[in-house]
1. Mind listing whichever residues of segment 25-47 are surrounded by 14 or more Cβ atoms within 10 Å (Cβ to Cβ) and part of a helix (DSSP H, G or I)?
2. Give me the residue from segment 58-73 that is part of a helix (DSSP H, G or I) and touching a helix residue (DSSP H, G or I) at 6+ places or on another chain (Cβ under 9 Å) and, out of that set, farthest from Phe97 (Cα to Cα).
3. Given the condition in contact with a Phe, Trp or Tyr (Cβ under 8 Å, 6 or more places away or on another chain), surrounded by 11 or more Cβ atoms within 10 Å (Cβ to Cβ) and not in a helix (DSSP H, G or I), answer yes or no: does some residue in segment 81-103 qualify?
4. Filter segment 48-57 for residues that are of a type in the set (Lys, Arg) and either at pLDDT below 85 or surrounded by 13 or more Cβ atoms within 10 Å (Cβ to Cβ) (or both) and give the result.
Amino acid sequence: MQLTPANDLKHVLPSTGAIYAGKDYCDRQTHLDAKRKGRTLRAILKNNMKNKNKGRDSFITKMRSPYERVFSQTNHRTRYKGIAKNQFALFMESLAFNLKRMVILDKEYGF
């Protein structure tokens, strides 16, 4: 995991494939950043946008839901001043989450 501003997609663009994003990323600059890197951006549109399609947004939501669970259980505030300390705190938080998840999966599936 990488610590970046919440609305800055250019730091976290994948090397291939489409990007399924939330309402934060439905602006012009984000579309341009994705296009410049040769990626397809599929962002949920805001409710006041002209070409809002609820069926399309529902599909994007279903695609994102397995991954959103991870982010919904993390702390969204930073505790320290400076990138290095916060990056380390995020790394340790991710490690703890993955260890807890590994224990649950081991009980469920016997890995």
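The values are calculated or read from the model by the stated rules, or taken from the named source; none is laboratory data. Source: prediction; values computed, not measured. Neighbour counts run over all protein chains shown; Cβ positions are idealised from the backbone, glycine included.
1. Passing the criteria: Tyr25, Thr30, His31, Asp33, Ala34.
2. Our first condition is that a residue be part of a helix (DSSP H, G or I); within segment 58-73, this holds for 58-72.
With the extra rule that they be touching a helix residue (DSSP H, G or I) at 6+ places or on another chain (Cβ under 9 Å), the set shrinks to 61, 68, 70.
Working: Thr61: 23, Glu68: 14, Val70: 8 Å.
Here the residue is Thr61.
3. Taking every residue of segment 81-103 in turn, none turns out to be in contact with a Phe, Trp or Tyr (Cβ under 8 Å, 6 or more places away or on another chain), surrounded by 11 or more Cβ atoms within 10 Å (Cβ to Cβ) and not in a helix (DSSP H, G or I).
4. Kept after step one, since they are of a type in the set (Lys, Arg), are these residues of segment 48-57: 50, 52, 54, 56.
Hits for segment 48-57 are Lys50, Lys52, Arg56.
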